[in-house]
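J.: Below you will find the structure I want to go over with you.
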Amino acid sequence: MKAFWGMLARLLALLLVSVLALQLYFAGRVALMRFVDPQSTTFQRSEVWRLVNEKHALAWSQQWVDYAHISPNLKRAVIASEDAGFVEHSGVEWDAVEKAWERNQKAEARVEKINAQLEQRLHKPTSQRAARPRPIVLAHAKVVGGSTITQQLAKNLFLDGERSLLRKAQEFAITFMLEGLLSKQRILEIYLNSVEWGEGVFGAQAAARHYFRVDASGLSAMQAAQLAVMLPAPKRFEKRPGSAYVVGRAATITARMGAVELP
């Protein structure tokens, strides 16, 4: 028995050392970003792999531009759309996280109720079913996030798309590393140069050239707002970047941009 507890203690110690080593690795990578622009992110590499495997060709557009060469319109539009409290918060908007958690819990409860009703239909006696029953498809809750720009950057830089408490905890840890080791200006610069704006379109310069045939420095307020609208679902909006929804939502963002404080 004593040997068992000794082995368990060694395993726990090894696990703790491994976790600390991983955090030091992430912290070292983040600290390096104070001076070196990241060449790619985990999300970008996964997209490269997907595109190569699905299409056997790689259509890729990305060009790094310094913070000073990105239009203030785009900076204001993205903050207004994605994270209004970016300059003030320390990386996480806890109120937004709590509200997102509550919305997700309610959505899961609704989905469980729907699925229970579907299961009851499925197990009815044959005589009680409709002559031509519709296919029964179990519903899934749509997960709503409360992520700040810094959290989005943490996830894109280092993490995969898995949804779990451990992955969320790691996201928080990297978020605080980014906020502690980099300036707000640098965080926004890296975010705008690495975020996805369509399939194979990454960063402000690529997006500005792809959609408007201008450089990132020359984006107008309306053009910048349209790009900001696309961020939550770029692969969906890239098919109709000038749709009524995008233009209408962009007008709302444009009206908010004047109140945005830039880092």
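J.: Quick one: which of VAL195, VAL214, VAL246 is under 14 Å from ILE70 (Cβ atoms), out of contact with any Pro (no Cβ under 8 Å at 6 or more places or on another chain) and free of Cβ contacts under 8 Å to residues at least 40 places away in the same chain?
T.: So the residue among VAL195, VAL214, VAL246 that is under 14 Å from ILE70 (Cβ atoms), out of contact with any Pro (no Cβ under 8 Å at 6 or more places or on another chain) and free of Cβ contacts under 8 Å to residues at least 40 places away in the same chain is VAL214.
J.: Across region 17-60, what is the number of residues that are buried (at least 16 other Cβ atoms within 10 Å of the Cβ), within 25 Å of ALA224 (Cβ to Cβ), touching a helix residue (DSSP H, G or I) at 6+ places or on another chain (Cβ under 8 Å) and of a type outside the set (Phe, Trp, Tyr)?
T.: Total satisfying the criteria: 4.
J.: Among the numbered criteria (1) assigned to a loop (DSSP other than H, G, I, E, B); (2) over 24 Å from SER40 (Cβ atoms), which single criterion is violated by ARG249?
T.: (1)
All of the numbers you see were taken from the coordinates with simple rules; none came from a lab. Nothing here was measured: the structure is a model prediction, and the numbers come from that model. FYI the Cβ positions are ideal-geometry reconstructions off the backbone, even for glycines, and counts take in every protein chain you see.
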